[in-house]
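Below is one structure, written out as structure tokens; comments come after it.
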Amino acid sequence: QRVQMDNFPFWYHPDSGRPLGRSNFQTDLMSAFLHGRLWHNHRENVILRDSPSPFHGRKYANPALKDTVLPENELRLQLSAGVLGGGAMLLSDNLAELLRNPERCSLIRSFLPHYEGGQRFILDPFPGPGRQPSLYGLTVKTSFEEWQVVGIFNWEDGYEDFAVPLDRLPGSGPWHAYEYWTQRYLGRHAGRLPVCDVPPHACRLIALRRDAGRPQFVGTNLHLLQGAVEVRKAD
């Protein structure tokens, strides 16, 4: 079942100013609870390209118009929302063009192979009038471990501070926290995990693993789910 509108590289529509990418990524996350229950979520294509789309309708209406590309914050938020949202991840960019940017091309491995499964949940389901939830989680289960991946999404146009309520996670802590995009170990936490100064239109994706009381695997920079598809075993 299609769960998103067409995907364009705009947070707000350039003509009307209404939310566009923002709305699409929010819908992606809010549709997560339908995936695998009523249908298989079908989202729009992932945008990695750093070159204008040759299929953009506004360009046909005005050939002189300059198309835009997703800035880094929105690019990362898009991928994080897609992985937490469930369903297939479709890449339709021109690969010959994409290969000219090794950094963006390498992002393919951050969401492929696809992980199918896991329980999805919201940690701030009623954030207030006119606001979209910002804290989304996924329970990842493998043959060697179970852990939580929590996405913190800043939908606003300015910097925001957040706090992850760890006591609402499935299972008990304390938890080791590792953030994918900044590649930072955030320490060992119980109760609440502060996540401060998240830039506008940006996100943080944190793997939370129970403290085992010994040296242990806490995260990777290979795949957004940090062990779900690229790690066979971790003792």
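The values are calculated or read from the model by the stated rules, or taken from the named source; none is laboratory data. Just so you know, these numbers come straight off a predicted model, no measurement behind them. Cβ atoms come from the backbone with ideal geometry, glycine included; neighbour counts cover every protein chain shown. Please note that ligands, DNA and RNA were not included when accessible areas were found on the heavy atoms of the full protein model with its side chains. Shrake-Rupley method; radii C 1.70, N 1.55, O 1.52, S 1.80 Å.
Residues that are small (Gly, Ala, Ser) and surrounded by fewer than 16 Cβ atoms within 10 Å (Cβ to Cβ) were ranked within the stretch 103-119; the one that is nearest to HIS223 (Cα to Cα) is SER106.
Applying a threshold of 8 Å to beta carbon distances and a minimum spacing of six or more residues, or different chains, the list of pairs starting in the stretch 4-17 at a residue that is under 15 Å from TRP155 (Cα atoms) and part of a loop (DSSP other than H, G, I, E, B) and ending at one that is open to solvent by 40 Å² or more (accessible area, probe 1.4 Å) and of a type in the set (A, V, I, L, M) is empty.
Sub-7 Å Cβ pairs linking a first residue in the stretch 93-113 that is within 20 Å of ALA81 (Cβ to Cβ) and among the hydrophobic types (A, V, I, L, M, F, W, C) to a second residue that is part of a helix (DSSP H, G or I) and open to solvent by less than 80 Å² (accessible area, probe 1.4 Å), at least 6 apart or interchain, are LEU107/LEU79; PHE111/LEU79; PHE111/GLY82; PHE111/VAL83, ordered by first then second residue.
I'd like the full set of residues that are small (Gly, Ala, Ser) and either loosely packed, with under 13 Cβ neighbours inside 10 Å or at pLDDT below 85 (or both), limited to the stretch 6-27. SER16, GLY17 - these are the residues of the stretch 6-27 that are small (Gly, Ala, Ser) and either loosely packed, with under 13 Cβ neighbours inside 10 Å or at pLDDT below 85 (or both).
The number of residues in the stretch 133-158 that are hydrophobic (A, V, I, L, M, F, W, C), farther than 15 Å from ALA81 by Cβ and assigned to a strand (DSSP E or B) comes to 2. Cβ separations smaller than 8 Å between residues 6+ apart or across chains give the following pairs from the stretch 158-186 residues that are within 18 Å of GLU145 (Cα to Cα) and in contact (Cβ under 8 Å) with a residue 24 or more places away in the chain to residues that are open to solvent by 40 Å² or more (accessible area, probe 1.4 Å) and polar (S, T, N, Q): PRO170/GLN119; HIS176/GLN216. If a residue must be in a loop (DSSP other than H, G, I, E, B) and closer than 19 Å to LEU135 by Cβ, how many such residues does the stretch 20-33 contain? Number satisfying all stated conditions: 3.
Here the condition is being surrounded by 19 or more Cβ atoms within 10 Å (Cβ to Cβ) and farther than 20 Å from LEU77 by Cα; of VAL195, VAL218, it holds for VAL218 alone. Determine whether the stretch 199-206 contains at least one residue that is assigned to a loop (DSSP other than H, G, I, E, B), open to solvent by less than 70 Å² (accessible area, probe 1.4 Å), touching a residue at least 12 places away in the same chain (Cβ under 8 Å) and among the small types (Gly, Ala, Ser). Scanning the stretch 199-206 turns up at least one residue that is assigned to a loop (DSSP other than H, G, I, E, B), open to solvent by less than 70 Å² (accessible area, probe 1.4 Å), touching a residue at least 12 places away in the same chain (Cβ under 8 Å) and among the small types (Gly, Ala, Ser).
Within the stretch 159-192, how many residues are open to solvent by less than 30 Å² (accessible area, probe 1.4 Å) and either aliphatic (A, V, I, L, M) or assigned to a loop (DSSP other than H, G, I, E, B) (or both)? Selection size over the stretch 159-192: 6.
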